[in-house]
Each structure stands twice: as C-alpha cells, then as structure tokens.
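Contents: one structure, followed by commentary.
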Amino acid sequence: MQAAANVDALLDFVRRHPRLFVITGAGCSTEVGIPDYRDHNGEWKRPQPVTFQAFMGDEATRRRYWARSLLGWRVMGRAQPGSAHRALAALEAAGRIELLLTQNVDGLHSAAGSQRTLDLHGRIDTVLCMDCGMRAPRTALQHELERRNPGWVALQASAAPDGDADLEGLDFGGFDVPSCAHCGNGLLKPDVVFFGESVPRERVEAARAALARSQAVLVVGSSLMVYSGFRFVQAAADAGLPVAAVNQGRTRADGLLALKLEQDAGTALQALAHAWAQPHASVPAAVAGLVSGR
Ligand SMILES: [Zn+2]
C-alpha cells in the first residue's frame with residue numbers, strides 16, 4: 001500500500017534498493033523550460049501532438065510540423081540539464097542505477113552525465129530518413145530549414161512540448177521542407193516515437209532485461225499515462241518489485257506504488273541528492289536539531 005512520503009522515506013527507499021530501474025518523464029524537464037502535455041490529473045492540457053499516421057500520410061501536416069519545429073528547436077536545442085537530471089546522474093555515479101529509462105526526447109539526462117540511459121521514445125536532436133534509414137543531426141536540418149524559409153526565421157512563438165512551438169493561423173503551404181540529403185528523395189522525420197507509433201522492439205527488450213536485473217523501480221516526473229512507459233511499472237509490480245514515484249499529481253500507477261512523493265521532480269531529487277551526500281541525513285529532524293544545537 002502507498003504511504004504518505006517525504007524525502008527521508010525516498011532516501012530510505014533508495015538506500016534499501018541499490019539497483020534501481022528509473023523511469024523519467026516530462027516533469028524532469030519542465031523546470032528548464034520544456035513544457036509538458038498533461039495537468040495534475042494526467043489529462044491533456046493542450047492540443048494532442050501530431051500522430052505518426054498524420055505525419056507520414058499528409059504533406060500539409062509535415063509542412064506545419066517543420067515550420068513549428070523551426071521555432072521550437074531554438075528552445076529545445078539550447079536547453080540545459082536541471083536539478084533532477086543532475087541528481088539522477090549523481091545517483092548513477094554512486095552505482096545505484098541499473099537503467100535510466102526516459103520517456104523524454106530532449107537528451108538532457110545524457111547531457112547531465114548519465115550513461116546508463118535508454119531513450120524509449122528516441123531523441124529530438126536526431127533526424128531519420130524514413131526511406132534510406134540515414135540518421136543526421138537536427139542542427140544540420142535547422143540550418144537548411146532556415147536557409148529555405150528565411151521569412152519564417154523572424155517569427156516568434158512560445159515553446160511547446162517535444163520541440164514544438166505554438167504557431168497558428170498561418171498559411172503553411174509555402175513552407176519548404178527538404179528531403180533526405182543522402183538518398184535524395186527520402187521523407188525526413190524526427191527520430192522520435194510519435195503518438196500512434198510503436199516503440200522499436202529491441203528497445204523494449206533491452207528495458208525488460210534491465211528491469212529483470214533491478215531490485216526496485218523509481219518513477220520521476222511522469223504521470224505514466226502513456227502505455228509504453230506504464231507497462232514497465234506494471235511488469236515490476238507483477239514481479240513483486242517495489243515501486244516509488246516522485247510526481248506532482250496523479251499517476252496511472254498510483255494503485256501500484258509502495259511510496260509516493262507529491263513534489264516536483266527537481267525539488268525532490270535535489271533534496272534527495274543533498275541528503276544522500278550527508279552522513280546524518282537519515283537522523284530524524286528533531287534529533288538532528290539537538291545535535292546541531294538549534
Ligand atoms: Zn534518405
């Protein structure tokens with residue numbers, strides 16, 4: 001059963017389970033300016049993202065996608081890791097993380113120094129040709145998009161999730177989207193798993209294998225509303241592994257949690273990392289107060 005929890009309880013959970021399977025979501029990156037899709041009830045708080053089927057099947061959808069991405073990439077491409085990313089990298093450096101499975105496509109766990117990462121939904125900083133399979137850096141495509149569409153470069157729009165931007169009410173028909181530079185005619189797509197698209201099987205299997213080597217699951221900043229991430233919590237619960245979560249608001253796994261912290265990921269993980277580094281961190285606050293003479 002789920003217990004009301006604070007950072008001391010989370011610290012205790014981490015200490016008792018040295019091999020953690022960590023699942024992260026958008027709540028890890030909101031503090032560094034990357035918006036998320038869902039509210040505290042796990043409901044959509046903005047229009048749902050473009051589906052795989054719409055992107056692949058409709059040229060107008062692709063023009064609109066890349067026009068918005070031209071603006072959204074300016075925020076996404078410059079984002080730096082925040083306290084949740086840094087705390088998880090420190091936890092890995094301390095040898096406590098078997099795998100960090102992230103549903104985020106921003107690459108910020110790797111930027112913070114985490115190495116045992118698996119980007120379940122891919123990376124927005126990479127572009128994939130759907131015809132020849134070539135992968136290329138998103139920055140190169142950005143230069144090409146700007147070169148072909150100089151009139152769009154000066155536009156302003158607020159950042160939206162996953163490198164998107166809120167650009168509406170324009171005629172996207174004139175937006176010029178390049179084809180693959182390698183094969184000449186291939187359709188370019190961000191190397192991320194779109195809504196309506198399946199996660200590649202080898203990624204799911206690599207995650208399942210890591211879960212089998214783990215002792216517990218820690219969810220950070222995710223409502224787990226998307227099945228591709230939720231299934232690992234379900235599998236952990238089925239295998240009898242305890243699951244802890246740090247998330248502000250409801251999660252799809254609330255009924256499966258041994259421990260839940262209703263805090264934002266950055267604040268909670270920073271406190272955890274601080275407590276981890278303190279030899280007296282697990283001493284109850286009242287006793288600690290006596291020890292320090294307060
Ligand atoms: Zn190609």
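FYI, it's all coordinate maths here, none of it is from the lab. Quick caveat: nothing in here was measured; it's all calculated off a predicted structure. A quick note on method: Cβ atoms are made from the backbone with ideal geometry, for glycine too, and the neighbour counts reach across all protein chains shown.
The table that follows gives values for the structure above.
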{"read-out": "Extension gain (nm, one decimal) between residue 274 and residue 58, 0.36 nm per residue minus Cα-Cα", "value": "72.8 nm"}
{"read-out": "Size of electric dipole in the chain: Cβ of Lys, Arg +1 and of Asp, Glu -1, about Cα centre, debye, nearest 20", "value": "600"}
{"read-out": "Interchain or long-range residues, amide H under 5 Å from residue 122's placed H", "value": "193"}
{"read-out": "Estimated distance in nm for a label pair at residue 254 and residue 155, the labels positioned 7 Å out from Cα along Cα-to-Cβ", "value": "3.9"}
{"read-out": "For the stretch 137-154, Karplus couplings with θ = phi - 60° (6.51, -1.76, 1.60), whole Hz, Gly/Pro x", "value": "x, 4, 4, 5, 5, 4, 4, 5, 4, 5, 5, 7, 10, x, x, 8, 5, 7"}
{"read-out": "Cut-off under 5 Å, modelled amide H: who pairs with residue 5 long-range", "value": "260, 262"}
{"read-out": "Cut-off under 5 Å, modelled amide H: who pairs with residue 117 long-range", "value": "100"}
{"read-out": "GNM flexibility winner over the chain from 108, 170, 259 (Cα, springs under 10 Å)", "value": "170"}
{"read-out": "For the chain: relative contact order, % (alpha-carbon pairs under 8 angstrom, 6 or more apart)", "value": "30"}
{"read-out": "Label-reachable residues, the stretch 204-226, where backbone N falls under 18 Å from a point 7 Å from residue 41's Cα toward its Cβ", "value": "223-226"}
{"read-out": "Within a Gaussian network of the chain (alpha carbon springs, distance under 10 Å), most fluctuating of 69, 179, 223", "value": "179"}
{"read-out": "Length added when fully stretched, residue 146-residue 215, from 0.36 nm per residue minus Cα-Cα", "value": "20.0 nm"}
{"read-out": "Over the stretch 1-64, volume per residue of the alpha carbon convex hull, in Å³", "value": "182"}
{"read-out": "Of 44, 66, 276, the one that fluctuates the most in a GNM where the chain has Cα springs shorter than 10 Å", "value": "44"}
{"read-out": "Dipole of the chain, positive end: most advanced residue of 145, 257, 193 [Cβ charges, Cα centre]", "value": "257"}
{"read-out": "Rounded to 5, percent antiparallel among DSSP beta bridges of the chain", "value": "30"}
{"read-out": "Over the stretch 3-289, volume per residue of the alpha carbon convex hull, in Å³", "value": "132"}
{"read-out": "Shape call, the stretch 155-271: gyration tensor on alpha carbons, a/c limit 1.5", "value": "oblate"}
{"read-out": "Residue order, fewest to most surrounding Cβ atoms within 10 angstrom, among 97, 23", "value": "97, 23"}
